[in-house]
Amino acid sequence: MNPKIEKALNEQINAELYSAYLYLSMSSWFDATGLKGFSNWERIQAMEERDHAMKILDYLLARGGRAIMTQIDTPQSTWKDAKDAFETQLSHELKVTSLIHSLMDLSIAEKDHATVNFLQWFVNEQVEEEENARTILDQLKMISVEKGVGLLYMLDKELGTRTYTAPNTSDS
């Protein structure tokens, strides 16, 4: 495996695990604030990010590379409110998108066609990740502090209905 690609994939594994850590931290914070639906949403988000890390790890191993686990930074643990948490989430997803795009650019430059093909799933996934965060953030912005308690309760209930679906491992 190309050493530059191997190093970059290892860095992305760490970034995905950090994302899982961040969303687990958000889940805990939402739970502590009484927003169990938001907590559920973030817990599932954390599971998806862990799955992303494992997908990259498995690909790295299949290509003859070696996954090197490095320290995961401590994530933020408190937010002002739900809107602040989702602003953090959207900002983070935009950062992850830029990391995926940089990894794709490197793979193209190194003419690693298999990795370019593999990363296309992540490019598409980031569109969904950004859209989800942006949609929830937009809904939270519609909820005014004075009149939004009932709407926040309804959004919390809606987010609580999210269920986890493991990724289809046959897709690369």
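Here the peptides 108-115, 95-102, 161-168 are ranked by packing, the mean other Cβ count within 10 Å, and the order with the highest first is 95-102, 108-115, 161-168. Relative contact order of region 80-172, taken over Cα pairs closer than 8 Å and 6 or more residues apart, is 35 percent. Accessible surface calculations at 1.4 Å, restricted to protein heavy atoms, place region 53-172 at 62 Å² per residue. Helix-only arithmetic for the chain: the sum of -39500 (n - 2.57) across DSSP H runs with n ≥ 4, divided by the residue total, places the mean residue ellipticity at 222 nm at -26000 deg cm²/dmol. Taking the square roots of 5 times each eigenvalue of the Cα gyration tensor of the chain, largest first, gives ellipsoid semi-axes of 33, 15, 14 Å. Residue order by solvent-accessible surface for LEU35, LEU24 is LEU24, LEU35, largest first, with ligands and nucleic acids left out and a 1.4 Å probe. Mean Kyte-Doolittle of at least -0.5 and a Cα length of 18 Å or more along the axis: which whole DSSP H helices of the chain meet both? Both cut-offs are met by 3-32, 82-109. Heavy-atom accessible area for SER107, with the other protein chains in place and a 1.4 Å probe, reaches approximately 0 Å². When the charge dipole of region 1-138 is built from unit charges on Cβ atoms (+1 for Lys and Arg, -1 for Asp and Glu) and taken about the Cα centre, the candidate among ILE5, HIS101, TRP41 whose Cα reaches farthest toward its positive end is ILE5. Could you tell me how far the Cα centroid of region 48-73 sits from the Cα centroid of region 17-38, in Å? Centre-to-centre distance over Cα atoms comes out at 23 Å.
Sequence gap at least 6, Cα distance under 8 Å: using those rules, report the relative contact order of region 21-119 to the nearest whole percent.
25 percent
Order 70-82, 118-130, 6-18 from most to least packed using the mean count of other Cβ atoms within 10 Å.
Listed from highest to lowest mean packing, they are 6-18, 118-130, 70-82.
The values are calculated or read from the model by the stated rules, or taken from the named source; none is laboratory data. This structure is a prediction, so every number in the text was calculated from the model and none was measured. Every residue, glycine among them, receives a Cβ derived from its backbone with ideal geometry; neighbour counts consider all protein chains shown. All accessible areas refer to the heavy atoms of the entire protein, side chains included, with ligands and DNA or RNA removed. Shrake-Rupley method; radii C 1.70, N 1.55, O 1.52, S 1.80 Å.
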